[in-house]
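> Here it is, the structure, as structure tokens.
The values are calculated or read from the model by the stated rules, or taken from the named source; none is laboratory data. No experiment lies behind these values; they were computed from the predicted model shown. Methodologically, a virtual Cβ is constructed for each residue, glycine included, from the backbone with ideal geometry; neighbour enumeration extends over all protein chains shown.
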Amino acid sequence: NNSYGMGDQTRGETMGYDMLARIGSGVSPTQFHAERINGFNPLAVIDAMERKLEILRAGEGPVMLDTLTYRYSGHSVSDQNAYRTKEEIEAWQAIDPIITYRQGLVDAGVASDSKMEEILAETAERMTMICKAASDPQVSPYVNFKTDPAVVERMMFSNEKVEKFDDREPEVNMPLAEVPAYKKLKEKERCPIVDGKPVSKMKLFNLRDAMSEVIYDRFYEDPTLIAYGEDCRDWGGAFAVYRGMMDAFPHCRLFNSPIAEAAIVGTAVGYALSGGRALVELMYADFIGCAGDEIFNQMSKWQAMSAGILKMPVVLRVSVGSKYGAQHSQDWTALCAHIPGLKVCFPATPWEAKGLMETALKGTDPVVFFESQRIYDVGEQFHEGGVPAERYEIEFGDVNKVREGKDVTILTIGAALYRAVDAAKQLSEKYGMEAEVINLHSLVPLDYTKIIESVKKTGRVVLVSDACARGSFMNDVAENITQLCFDDLDAPPVVVGARNWITPPFEFDEFFFPQAGWIIDAIHEKLVPLPGHVVENGCTEAEALRRAKQGV
């Protein structure tokens, strides 16, 4: 506690309290074992730390130490120190530990005055040498972007594969083969159709199961892997991905967090920097804003800021809501894709979910792993043979072509895939148009090779996601396609997204999120007229201009 924020003390306007140590009395019966100590006395700090560590090791924490120090210099170079007097600064300088602790050592006979002078001189010389070396371009040369323009680029991702971060045996409650929930996973049908008949919902291996299977396997391989979030242990997570895992894993590896998204992500970042692997969950994508700094500035940047020395093996599971209105139903993939340093994926099929989770939980980079609540229960409808029982990886950057076509390309993100496939079937049956459907299960990175091949073949492309159309990631993809395939396009790419409103109540989902009919309308209005088609949810140029002018 150096007594100041930028220019105010906590006893004034900034926090509404005087002594930090008193806060514990209003929060915990133990009062956080709070204590105020003299931070200018190294021995007092050591003594307090030892005593508090004993409390923590006994499982009686948390503890609070209000360690008083003082900030001599201003918060910034422009700080005029108008909020304090010269006398105040001088009074603190008079009891500075370099003066008082030195005198204490001399008085106790630990060191002589001459020895202390020698130490001070040696320290000053060493600090001067360090500062000169750090600022000397001959000793510490600047990065040369002209000769090495990709120097920062190489530090953005570590792109490594690590099976485990420690060689110790993973802490588990029983052998994997004996875990009841895991055995049930293995007994499920991995294809939605067996012997010509649909598999019941209870027996079908779905998207949720695909992620669970990988998480089980990785928990038994990497002893550093931990998972947490709201209600992750007893409930099995908000959407049951961890259901049954409390039988397999001790509390220290799978546990519940407070309703505190910033704390969930912040502690995951710290754990990863300390050498572990964290799998953490945010219940809704809408809560990304609650952990904005932790995701956008900490999780994303530490690898590059450390010049590639540090690793960030954090997988942040984020669920995109459905049927929960304005603050619990938003697709914020664009926010995460915008931030350099984050890998972003959004599987829409069980086959994708299993392969991407396997890759994410073996990597060393931060991954935002989006999931849609609309499709947790869907089985694999596109991959031949269903979801393989054996393990496999899907590399980030790849895309998934789920339907062949020659007349138009439909690109999708997330649950919009299924409405796009529905639209493709209607186009074929009603208009004889064959649509090629490609799902972008990896947003960052994104390999455009298969996309370009498809667009060059069809000459037309529609891009669909449940994110609001304005500022969606699909606009970036459309822009890149325009640049990369300009001579092959018969018309500009068309983005179909949710309306630029708040999300209405679930009864009105069909008027807000893209539907199969919207996709067909967009093709008819913007790409190629469809004989006899009647537009129901179209957007003419005049309507597009009106919406833009109104900001909706």
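> Can you go through 300, 306 and tell me which one is polar (S, T, N, Q) and either surrounded by fewer than 18 Cβ atoms within 10 Å (Cβ to Cβ) or outside the structural domain of residue 356 (by TED's automatic domain parsing) (or both)?
Values: 300 fails: either surrounded by fewer than 18 Cβ atoms within 10 Å (Cβ to Cβ) or outside the structural domain of residue 356 (by TED's automatic domain parsing) (or both).
From the options 300, 306, the qualifying one is 306.
> Taking into account only those residues within the stretch 526-538 that are in contact with an Asp or Glu (Cβ under 9 Å, 6 or more places away or on another chain) and under 18 Å from residue 411 (Cβ atoms), which is surrounded by the most Cβ atoms within 10 Å (Cβ to Cβ)?
527
> Identify, please: which residue in the stretch 453-482 is in contact with a helix residue (DSSP H, G or I) (Cβ under 9 Å, 6 or more places away or on another chain) and of a type in the set (D, E, K, R) and is, among those, nearest to residue 409 (Cα to Cα)?
460
> Regarding the stretch 195-209, can at least one residue be identified that is surrounded by 15 or more Cβ atoms within 10 Å (Cβ to Cβ), out of contact with any Phe, Trp or Tyr (no Cβ under 7 Å at 6 or more places or on another chain) and under 14 Å from residue 317 (Cα atoms)? Please lay out each step first, then the result.
Pass one, the stretch 195-209, residues surrounded by 15 or more Cβ atoms within 10 Å (Cβ to Cβ): 199, 204-209.
Those still in the list that are out of contact with any Phe, Trp or Tyr (no Cβ under 7 Å at 6 or more places or on another chain) too: 199, 204-205, 209.
Checking which are under 14 Å from residue 317 (Cα atoms) leaves us with none.
The answer is no, given that none of the residues of the stretch 195-209 is surrounded by 15 or more Cβ atoms within 10 Å (Cβ to Cβ), out of contact with any Phe, Trp or Tyr (no Cβ under 7 Å at 6 or more places or on another chain) and under 14 Å from residue 317 (Cα atoms).
> Restricting the search to the stretch 14-63, which residues are in a helix (DSSP H, G or I), in contact with a helix residue (DSSP H, G or I) (Cβ under 9 Å, 6 or more places away or on another chain) and under 24 Å from residue 105 (Cβ atoms)?
Those that are in a helix (DSSP H, G or I), in contact with a helix residue (DSSP H, G or I) (Cβ under 9 Å, 6 or more places away or on another chain) and under 24 Å from residue 105 (Cβ atoms): 42, 43, 51.
> Do you know which residues across the stretch 408-429 are charged (D, E, K, R) and either in contact (Cβ under 8 Å) with a residue 60 or more places away in the chain or under 24 Å from residue 334 (Cβ atoms) (or both)? Let's see the steps before the verdict.
Residues of the stretch 408-429 charged (D, E, K, R): 419, 422, 425, 429.
Across the stretch 408-429, the qualifying residues are 419, 422.
> Of the residues that sit in the stretch 223-238 and are under 21 Å from residue 321 (Cβ atoms) and touching a Phe, Trp or Tyr at 6+ places or on another chain (Cβ under 6 Å), which one is surrounded by the fewest Cβ atoms within 10 Å (Cβ to Cβ)?
Residue satisfying both the conditions and the ranking: 236.
> Are there strands (runs of 3 or more DSSP E) fully within the stretch 313-395 with at least 2 residues that are assigned by TED's automatic domain parsing to the domain that holds residue 261 and over 26 Å from residue 437 (Cα atoms)? List them. Step through it out loud before you land on a result.
Details: elements: 314-320, 343-345, 367-372.
The qualifying strands (runs of 3 or more DSSP E) are 314-320.
> Let me confirm something: among 473, 513, 486, which residue is crowded, with 22+ Cβ neighbours inside 10 Å, among the aromatic types (Phe, Trp, Tyr) and closer than 24 Å to residue 397 by Cβ?
Unique residue meeting the criteria: 473.
> Something else about it: For the stretch 436-451, does any single residue satisfy the condition of being part of a helix (DSSP H, G or I), at pLDDT 95 or above, over 27 Å from the mean Cα position of the chain (by Cα) and not β-branched (Val, Ile, Thr)? Before the answer, list the steps.
Just the residues of the stretch 436-451 that are part of a helix (DSSP H, G or I), to begin with: 449-451.
Add one more test, that the residue is at pLDDT 95 or above, and what stays is 449-451.
With the extra rule that they be over 27 Å from the mean Cα position of the chain (by Cα), the set shrinks to none.
So far as the stretch 436-451 goes, no, none of its residues is part of a helix (DSSP H, G or I), at pLDDT 95 or above, over 27 Å from the mean Cα position of the chain (by Cα) and not β-branched (Val, Ile, Thr).
Condition check ((1) in contact (Cβ under 8 Å) with a residue 60 or more places away in the chain; (2) in contact with a Leu (Cβ under 9 Å, 6 or more places away or on another chain)) across all residues:
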position: 315; (1), (2): no, yes
position: 320; (1), (2): yes, no
position: 324; (1), (2): yes, no
position: 330; (1), (2): yes, no
position: 333; (1), (2): yes, yes
position: 337; (1), (2): yes, yes
position: 340; (1), (2): yes, no
position: 343; (1), (2): yes, yes
position: 348; (1), (2): yes, yes
